[in-house]
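The values are calculated or read from the model by the stated rules, or taken from the named source; none is laboratory data. Please read these numbers as outputs of a predicted model, since none were measured by experiment. Every residue, glycine as well, gets a Cβ built from its backbone with ideal geometry; the counts of neighbours run over all protein chains shown.
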Amino acid sequence: MMPMLVSGLVVGLVLGLATGGRWRNLQRFDLKLWPALVAGVVARNVAPFLGGLALITSVAGLLLVALVAVVNRVLPGAWLIAFGSVLNGIVIFANAGMPVDPGALAASGKLAPNDGLHVLLGPDTRLPFLADILLAPVVNNVYSVGDVVLAIGGFWMAFRLLKHR
């Protein structure tokens, strides 16, 4: 989730600047509840190292990101960030981990994550269309619909903030 959101933000910044956006437009950027966003990002990044607490920490991080996005809903892309976070949270909660498609993993040349946060997609997987099933050959990774929605939201936020007149 976080790499996709960050990737979207970075691409939005680069394209925003490349198409005439201005850094000074970010001076008006007022992110409410930003400490909760920091906590959510930290939770998501430390979760794989927390053993039995990994899953609940990861979901809590997703919920914090969604909360901050909803509180900042007037910002462009914020609703998409909230929606992507919620989509990921739902599929993770429904399956006690983010299901990941073994075929997509094999095509990417990656092994199944052994981090307490992922489970292999199978016949009993709930909401499989929300799982990590989307192979992105350019970056050689597997993503979920929620990840893609998060990336689009991050892109749109950065791009529009830079381009705002």
Inset, instruction - Kindly establish whether Leu63 is closer than 23 Å to Ala94 by Cβ and free of Cβ contacts under 8 Å to residues at least 60 places away in the same chain. - result: yes
Legend entry - Meets criteria (surrounded by fewer than 16 Cβ atoms within 10 Å (Cβ to Cβ) and without any contact (Cβ under 8 Å) to a residue 40 or more places away in the chain) for Asn95: no
Inset, instruction - Filter segment 115-165 down to residues that are acidic (Asp, Glu) and farther than 29 Å from Trp23 by Cβ and give me whichever is surrounded by the fewest Cβ atoms within 10 Å (Cβ to Cβ). - result: Asp124
Inset, instruction - Kindly establish whether Leu53 is of a type in the set (A, V, I, L, M, F, W, C) and buried (at least 19 other Cβ atoms within 10 Å of the Cβ). - result: no
Legend entry - Residue match in segment 67-78 (condition: modelled with pLDDT under 95 and assigned to a helix (DSSP H, G or I)): no
Inset, instruction - Among the candidates Leu87, Leu33, single out the residue that is among the aliphatic types (A, V, I, L, M), under 19 Å from the mean Cα position of the chain (by Cα) and either surrounded by 20 or more Cβ atoms within 10 Å (Cβ to Cβ) or closer than 23 Å to Ile133 by Cα (or both). - result: Leu87
Inset, instruction - From the list Ala131, Ala82, Ala136, Ala60, pick out the single residue that is closer than 17 Å to Val6 by Cβ and modelled with pLDDT of 95 or more. - result: Ala82
